[in-house]
Every structure is written in structure tokens, then in C-alpha cells.
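Take a look at the following structure, please.
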Amino acid sequence: MMLANKTVFITGATAGFGRACAELFVKEGARVAACGRRKERLEELKQALSAHSHHPAASGSHPLPEGEGIFTIPLDVRDQQAVEKAVASLPKEFSEVEILINNAGLALGTNAFDKAELADAQQMVETNILGVIYCTRAILPGMVARNRGHIVNLSSVAGAYPYPGGNVYGATKAFVTQFSLNLRADVLGKNIRITDIEPGMAETEFSLVRLHGDAAKADAVYQGVQPLTAEDIAQSILWAVTRPPHVNINRLELMPTQQAFGPFAVHREKR
Ligand code: NDP
Ligand code: 8X3
């Protein structure tokens, strides 16, 4: 039970990395406050994890009583007031957040920017940038007051390496990485750790969302490749948050073995 008695606040826990973190962290003894917009998914997560925390074999020797490991909050991280309210109204047992995982995020579209939908760009900026700002600003003061905490932000390789069609998405992730590093500078001396996670290709609902629900195109993204899994990312985050207190993992970049870098692209005129 590596996270016994720790409270973890996870945004975007209805799918992918966030859901895998919720499952793994409850298994490791944490109290998890799990957010997302889809209420039925949150309900399903609560049912699944309540059953889990009740199962002594799966939960280790000191499982939390049934249902006590998970608290779900329907929340759109783009709504600043809703974020503040959600944090302020956490039940007492979940109120002292020790680990914040700013995971909620999305890519929308793959067009070059001259053909990109501005509404998609706005939603990415509001979710991936403003959502992270709102959740961090709501939770960090409590960490400072308690002189204890760890913030894990989900950036991406797309924040460091450009690719065609990555335009606004990659730029939002570059924000997440630089914000993470700048937060480290701000919290020096406050016993708070900050970690930026920068994954490459991982199979979740990410591509389905990016391709506006086109399942065939989303499946094709992962064809013939063994991508990272949500469980791989959850395990990496668990590793980062369970290092000894004097160790801060600043950045963690990971990719499938079957993914790497290409050469610079050069446009050549025909002569
Ligand atoms: P998924 O699409 O599987 O999950 C995304 C989660 O974010 C969902 O739970 C979704 O919940 C939530 N979310 C989206 N918008 C909002 C919102 N406005 N408010 C609250 N929750 C929201 O994607 P992944 O698990 O793959 O992605 C998680 C993070 O990891 C993202 O930030 C993504 O950019 C990043 N990432 C993903 C990679 C990949 O290849 N999969 C690689 C690198 C980084 P709901 O719809 O219910 O609100
Ligand atoms: C998701 C990884 O390479 O599809 O952030 O942008 S990538």
C-alpha cells in the first residue's frame, strides 16, 4: 500500500490515464477524488472501485472500507467557479489533497492551422491550459499551508517536438511543461514537488476524441504498433510520487519502443 492515507485529486478520471491512475491509486490505499464531465462514467468508476476496496485480496492487508477510497465529482475544468467550488466542498476525508494530477486534456483535429477549426483551438486552450491553471490555483494554497504536496501535470512529447497538425495542441502542452518548471521555482522551500509527465503515443480515447469520434481512423493510429497503455502511464506516475521525499522528478518523457524521431522535413523545389 504505497499511498496509504494520501488524498489524490485526479482530473479527467473517466477514461484513459486518469481512470488508470484512479484504479491504481485506490488499490495502493489512496483516497481518490476523481473528476470528469461524464457523470455516468464517474458512477461506473465509483461502483468498480467500491467493489475493489471491499475486496481484501485485491486491496492488500488494510483496505479502506467499501466506497471510502473514491469520491467522484462531475466537473468541467474549464469552469473556474465550478473548480473552486469542487475543491472547497470536498468532504473532510478528501479535503487535504496531497497529490494533484492535472490530467484532463485533449487534442482536437489534425489539420494544418490554416484549415483548423477555431472552436477546437479554443477548447484545447481552455481545457489544457486554463483547466490546469484553475485546478492548480485552487489546490496549491492548501499544499503550501500544509507544507506538503505533489503536483503531476500531463504534458506530452507534442510539447517538445513539433509535427504537422500538432499546432495548438503541442503549444498547449509546451505551456504545461514550462508551467510545471516555473511552479518548481515558485514552491522552492515549501516541501512541494512538481512533476511533468511527457508521454508519446498511448492507446486511450485520445485519438477517438481528436478525430471527432471516427473509430476507424482512431484505430488506425495504433495499427501495427505496440503503443503505451494507460496502465504504463499510471505506473510511471506512481513511481514519480513514491520517490523519497528529497527527490523531485522534474520531467519524465516516455515513448513506445516502436516510436522514435524522424529527420527534419525539407521542401525541395523542382528545377
Ligand atoms: P482520454 O481521452 O482517454 O481521457 C481524457 C480525460 O480528460 C477524460 O477523462 C475526459 O473526461 C477528461 N476531460 C476532457 N475534457 C475535460 C474537461 N473540460 N473537464 C474535465 N475533464 C475533461 O485521453 P488520455 O487519457 O490519453 O489523455 C489524458 C492526458 O494525457 C491529456 O492531457 C492528454 O493530452 C495527455 N496525453 C495523452 C497521450 C496519448 O497518446 N494518449 C500522450 C501524451 C499526453 P470527460 O470527457 O468525461 O470530461
Ligand atoms: C499525445 C501524443 O504524439 O499524439 O500527446 O501528440 S501525440
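Derivation of every value follows stated rules applied to the coordinates shown; laboratory data play no part. No experiment lies behind these values; they were computed from the predicted model shown. Cβ: placed from backbone, ideal geometry, glycine included. Neighbour counts: every protein chain shown.
Taking K and R as +1 and D and E as -1, what net charge do the other residues with C-beta under 13 Å from the C-beta of G149 add up to?
It works out to a net charge of +3.
Using the Kyte-Doolittle scale, which helices in the chain average at least -0.5 and also have C-alpha atoms spread 24 Å or more along the helix axis, with helices defined as whole DSSP H runs?
Qualifying helices: 167-187.
Rg/Rh for region 228-271: what does it come to with C-alpha atoms and Rh from Kirkwood?
With Rg and the Kirkwood Rh in hand, the quotient comes to 1.31.
With a ≥ b ≥ c taken as the square roots of the eigenvalues of the C-alpha gyration tensor of region 158-245, please select rounded if a/c is under 1.5 and otherwise prolate if a/b is larger than b/c or oblate if it is not?
oblate
Cα extents of region 66-182 along the three principal axes, largest first, in whole Å?
For region 66-182, the Cα spread along each principal axis is 49, 27, 27 Å.
Among A174, A260, A234, which one moves the most in a GNM of the chain with springs linking Cα atoms closer than 10 Å?
Top of the fluctuation ranking is A260.
Still on this model: Considering the options T195, L42, Q223, tell which one lies farthest towards the positive end of the dipole of the chain, charges being +1 on Lys and Arg and -1 on Asp and Glu at the Cβ, about the Cα centre.
The one lying farthest along the dipole's positive direction is T195.
While we're on this one: Rank-order 190-196, 25-31 by packing density, defined as the average count of other C-beta atoms within 10 Å over each peptide's residues, highest first.
Per-residue Cβ counts within 10 Å, averaged per peptide and sorted highest first, yield 25-31, 190-196.
Which ordering of H150, H246, H267 is given by a fewest-first count of other beta-carbon atoms within 10 Å?
Fewest-to-most Cβ neighbours within 10 Å comes out as H267, H246, H150.
Here's something else I'd like to know. Between L130 and E84, how many nm apart are label points set 7 Å from Cα along the C-beta direction?
1.4
Pick from V241, V157, V187: which residue has the top mean-square fluctuation in a GNM of the chain where Cα pairs under 10 Å get a spring?
V187
Please compute the modelled spin-label separation between M255 and D219, points set 7 Å along Cα→Cβ, answer in nm with one decimal.
Placing both labels 7 Å beyond Cα along the Cβ direction yields 2.7 nm.
Find, to one decimal place in angstroms, the Kirkwood hydrodynamic radius of the chain, where the mean of 1/r is taken over every pair of different Cα atoms and then inverted.
The answer is 19.2 Å.
Long-range amide H contacts for I70: which residues qualify at under 5 Å (H placed 1.01 Å from N, peptide plane, sequence gap of 5 or more or a different chain)?
V32
Now for a different question. Long-range amide H contacts for I194: which residues qualify at under 5 Å (H placed 1.01 Å from N, peptide plane, sequence gap of 5 or more or a different chain)?
Sorted by chain and number, the residues that satisfy this are I151.
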